[in-house]
Every structure is written in structure tokens, then in C-alpha cells.
1. Compute the acute angle (0 to 90°) between the alpha-carbon long axis of helix 46-71 and the principal axis of greatest extent of the alpha-carbon atoms of the chain; round to the nearest 10°.
2. Under 8 Å for C-alpha pairs, at least 6 residues apart: give me the relative contact order for the chain, rounded to a whole percent.
3. Return one number: the angle in degrees, 0 to 90 and rounded to the nearest 10, between the long axis of the Cα atoms of helix 8-20 and the longest principal axis of the Cα atoms of the chain.
4. Please list 3J(HN,Hα) in residue order for region 76-87, calculated via the Karplus relation 6.51 cos²θ - 1.76 cosθ + 1.60 where θ = phi - 60°; whole Hz, with x for glycine and proline.
5. Note down the net charge around F87, summing +1 for each Lys or Arg and -1 for each Asp or Glu among other residues with Cβ under 14 Å from its Cβ.
6. Once amide H atoms are built 1.01 Å from N in the peptide plane, which residues 5 or more positions from T153, or in another chain, come under 5 Å H to H?
7. Give the shape of region 77-155 as rounded, prolate or oblate, defined through the alpha-carbon gyration tensor: a ≥ b ≥ c are the square roots of its eigenvalues, a/c under 1.5 means rounded, and otherwise the shape is prolate if a/b is larger than b/c and oblate if not.
8. Looking at the square roots a ≥ b ≥ c of the eigenvalues of the Cα gyration tensor of region 45-106, which shape do they give, rounded for a/c under 1.5, prolate if a/b is larger than b/c, or oblate?
Amino acid sequence: MEKVPMTAAGFNRLQEELKLLKTIERPAVIKAIAEAREHGDLSENAEYHAARERQSFIEGRVLELEDKISRAEVIDPAKMSGNTVKFGATVTLADQDTDEETTYQIVGQDESDIKNGMLSIQAPLARALIGKAVGDSVEVSTPGGSKLYEIITVAFR
């Protein structure tokens, strides 16, 4: 069984979503199905079919979340140190063409949010950064062509 790396914040978000689905969403959809059944003929009852579809989605998501939570390997970046990039590191990069600096934290796949600087460990840039140190150059293939970055800082927060 493959472990799923994630930060404590990401783990907590998954647990909160699971709790919401089990305690609020699931009972609400069960009630909606019961109300739709009372309207009679189920073959032409759009409310019933929509509620059943929603129930199917919720149950699938519950199973997915339970699986990820059971396989979670919670990593606390604050307890790490060094100048080598690894999971949880906050990395500042300089684009070697434009000198534009960007900062990303390397996080689990479910936590990624590129607009907020959260880069998935599965992303090509993150995979290229892992194991590199401050001052190293990294080349990454992008849809727009190859990009070259220099690692400016590596921090663990």
C-alpha cells in the first residue's frame, strides 16, 4: 500500500471534508431522495435522479477520502532542516530568463494550489527540484518550451 505524503494542514482539510460529507451532505441527500420518492413515478422524477446522482458522488468521495486518510504519511516541514529540496520545503526560484522570483511549497497532490504557491509533489517542476540545493539550476520542460530556474532559497516552515 503506497503512502500518500501530505502536510498536517492538508491532512486536516481531508478530515474536515470527510466529516462534512458524513454528517451534513449524506443525511441531506438521503432526505432529498425520500422527499423525491413521495412525488410518485420515479422513472420521470428529475429530483429523484439528481439526488441519487449526488448520493453516488458523495459515497464515492467518502471512500476516496477514507482511503487517502488511511494511507496518509503526515510530514511536518517545521521539523526538517537543510538546504536540499525535499517534500514540505518552501523554495524560492529565479527564472533565469526573466529574473522573476517565485516561491512554492512542495506539498501533497491533494493540497496543491498553484495560485497560492502550493506545488504538488507530482508536478514536473517539483520532481525536478527534489534533491537539488541552493544555487543549483533546474531545467523543466513546459508546454511553452524548456524553462531554466535557479534555486535561491530553501526553507522549512
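1. So the helix axis and the longest Cα principal axis differ by about 40 degrees.
2. 25
3. 10
4. Each residue's phi maps through the Karplus curve to give 9, x, 5, 8, 9, 8, x, 10, 9, 6, 8, 3 Hz.
5. +2
6. Correct list: T92.
7. Note, shape of region 77-155 comes out oblate.
8. Oblate.
Quick note: the coordinates plus some simple rules give every number you see, no bench work behind them. Values in this document were obtained by computation on a predicted structure and should not be read as measured data. No Cβ is skipped: glycine too gets one built from the backbone with ideal geometry, and neighbour counts run over all protein chains shown.
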